[in-house]
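Data block below; observations after.
The values are calculated or read from the model by the stated rules, or taken from the named source; none is laboratory data. All figures in this text were calculated on a predicted structure; none of them were measured in a lab. Note that each Cβ is placed from the backbone with ideal geometry, even for glycine, and that neighbours are counted across all protein chains shown. The area values use the complete protein model at the heavy-atom level, side chains included, leaving out ligands, DNA and RNA. Shrake-Rupley method; radii C 1.70, N 1.55, O 1.52, S 1.80 Å.
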Amino acid sequence: MLKGKQSWLFESCPSIVSTGVSGGPFEANGNLANDFDILHEDLWMGQDSYEKAHRVLIEEAAETALNKGNLQKEQMQFMIAGDLINQITPTSFAARTLQVPYMGIFGACSTSMEGLALASFLINYNGADYILTGAASHNAAAEKQFRYPTEYGGQKPPTAQWTVTGAGVAVVAKNSGNSADPVTTSATIGKVVDMGITDPFNMGGAMAPAAADTIVAHFRDLGRNQDYYDLIVTGDLGRIGHETAMDLLNQSNIKLTEEKFKDCGMMIYKSDQPVQAGASGAGCSASVLYGHLFNEMKKGTYKKILVVATGALLSPLSFQQGESIPCIAHAVSIEMQ
């Protein structure tokens, strides 16, 4: 059901019946290590390229989600997923392994919630019974494509963020009737917002206006305010973007406390890890949501959360041609039944 200008209300409340989360060595030393299902000791993961290792992350997360849900891949009607690498090849190659009908999507770091919104929409309107959805990133693969290869040893400014090596995948299904399963209740699809920032080392600052725009739209379309949610969490704005988004929301009379308004990019790593402004990457919000936040909801810590994944829609070519960075954010509300 369409609500307002850019939101959907999922009347059937599709269930997130199981999740799988895999990560790398930096995540194994991070703040949320206990919420990962699989953690690797090195970035190669037994492969001969970082891109192949990236594929392994996705395959492992998907297979873990299926196993935890006691489900077979043959029961999945669709897989909706993506990543950051050229033509989303790691995800497409993982889909080749999994052999589930596949829709590859690219929303940069907003991919996780774009996928969850689309999966929920399809299930809400009887387009499927089971859908795999998720997103992933790999630090060394992303750095090589968007900035400098890790081996180059280039210095980064304080505004830069550390790309998460991780994958988060969920099985979304028709409402299970199980009160232990979180459900998706609505989604708000964001607009592209471009404030003219051209610095690829300040993604948080570039994405913050898109996050604020989508949150404002979500509250407007659904007639809600910040009191409806126990937690509003952005995808990967990091410290710089988080502060900027909070200021922008204050200007729209949405006043959030640090306790209620958090950022996945600030949650995943410890304060003494050298990540500058925080974490980023399509795997950031996916692994934090489908790992840590999913577990916390099942424990009863949160009853209602709004996850707002943000993405910078640039490419190496657009940056080289001097283009500014267009950004987007998609929001999905997740509640305990």
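Could you check the range 234-251 and list, in sequence order, the residues that are surrounded by fewer than 24 Cβ atoms within 10 Å (Cβ to Cβ), touching a residue at least 40 places away in the same chain (Cβ under 8 Å) and under 23 Å from GLU114 (Cβ atoms)? Before the answer, list the steps.
Within the range 234-251, the subset surrounded by fewer than 24 Cβ atoms within 10 Å (Cβ to Cβ) is 239-240, 242-244, 246-251.
Next cut, touching a residue at least 40 places away in the same chain (Cβ under 8 Å) only: 240, 244, 248.
Passing the criteria: THR244, LEU248.
Here is a yes/no grid of residues against (1) small (Gly, Ala, Ser); (2) farther than 26 Å from SER18 by Cα; (3) in contact with a His (Cβ under 6 Å, 6 or more places away or on another chain):
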{"site": "THR163", "(1), (2), (3)": "no, no, no"}
{"site": "LEU222", "(1), (2), (3)": "no, yes, no"}
{"site": "THR234", "(1), (2), (3)": "no, no, no"}
{"site": "LEU237", "(1), (2), (3)": "no, yes, no"}
{"site": "ALA245", "(1), (2), (3)": "yes, yes, no"}
{"site": "ASN253", "(1), (2), (3)": "no, yes, no"}
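I'm trying to understand the selection: among the residues of the range 34-55, which are open to solvent by 10 Å² or more (accessible area, probe 1.4 Å), touching a residue at least 40 places away in the same chain (Cβ under 8 Å) and hydrophobic (A, V, I, L, M, F, W, C)?
PHE36, LEU43 - these are the residues of the range 34-55 that are open to solvent by 10 Å² or more (accessible area, probe 1.4 Å), touching a residue at least 40 places away in the same chain (Cβ under 8 Å) and hydrophobic (A, V, I, L, M, F, W, C).
Considering only residues of the range 90-110 that are surrounded by 15 or more Cβ atoms within 10 Å (Cβ to Cβ) and in a helix (DSSP H, G or I), which is nearest to the chain's Cα centre (by Cα)? Can you show your working first?
As a first pass, look at the range 90-110 and keep what is surrounded by 15 or more Cβ atoms within 10 Å (Cβ to Cβ): 90-95, 98, 100, 102-110.
Now narrow it down to the ones that are in a helix (DSSP H, G or I): 90-95, 98.
Details: PRO90: 16, THR91: 14, SER92: 18, PHE93: 20, ALA94: 18, ALA95: 19, LEU98: 21 Å.
Result: THR91.
Please go through (1) over 23 Å from ALA217 (Cβ atoms); (2) surrounded by fewer than 24 Cβ atoms within 10 Å (Cβ to Cβ); (3) among the hydrophobic types (A, V, I, L, M, F, W, C) for ILE254 and return the number of the only condition it doesn't satisfy.
All conditions are met except number (1).
Here's the yes/no breakdown for (1) part of a helix (DSSP H, G or I); (2) touching an Asp or Glu at 6+ places or on another chain (Cβ under 7 Å); (3) of a type in the set (Val, Ile, Thr); (4) open to solvent by 40 Å² or more (accessible area, probe 1.4 Å):
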| position | (1), (2), (3), (4) |
| --- | --- |
| ALA180 | no, no, no, yes |
| VAL183 | no, yes, yes, no |
| SER186 | no, no, no, no |
| ILE197 | no, no, yes, yes |
| GLY205 | yes, no, no, no |
| PRO209 | yes, no, no, no |
| ALA217 | yes, no, no, no |
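Quick one: count up the residues across the range 34-52 that are in contact with a His (Cβ under 9 Å, 6 or more places away or on another chain) and assigned to a helix (DSSP H, G or I).
Qualifying residue count for the region: 4.
Residues that are touching a residue at least 24 places away in the same chain (Cβ under 8 Å) and open to solvent by 10 Å² or more (accessible area, probe 1.4 Å): which helices (runs of 4 or more DSSP H) entirely in the range 263-312 hold 3 or more of them?
294-299
For MET113, are the conditions met, namely being among the hydrophobic types (A, V, I, L, M, F, W, C), open to solvent by 50 Å² or more (accessible area, probe 1.4 Å) and modelled with pLDDT of 95 or more? It would help to see each step written out before you state the result.
On the way: among the hydrophobic types (A, V, I, L, M, F, W, C): yes; open to solvent by 50 Å² or more (accessible area, probe 1.4 Å): no; modelled with pLDDT of 95 or more: yes.
It is false that MET113 is among the hydrophobic types (A, V, I, L, M, F, W, C), open to solvent by 50 Å² or more (accessible area, probe 1.4 Å) and modelled with pLDDT of 95 or more.
Can you find a residue in the range 12-33 that is open to solvent by 10 Å² or more (accessible area, probe 1.4 Å), touching a residue at least 24 places away in the same chain (Cβ under 8 Å), part of a loop (DSSP other than H, G, I, E, B) and of a type in the set (A, V, I, L, M, F, W, C)?
Yes: one or more hits.
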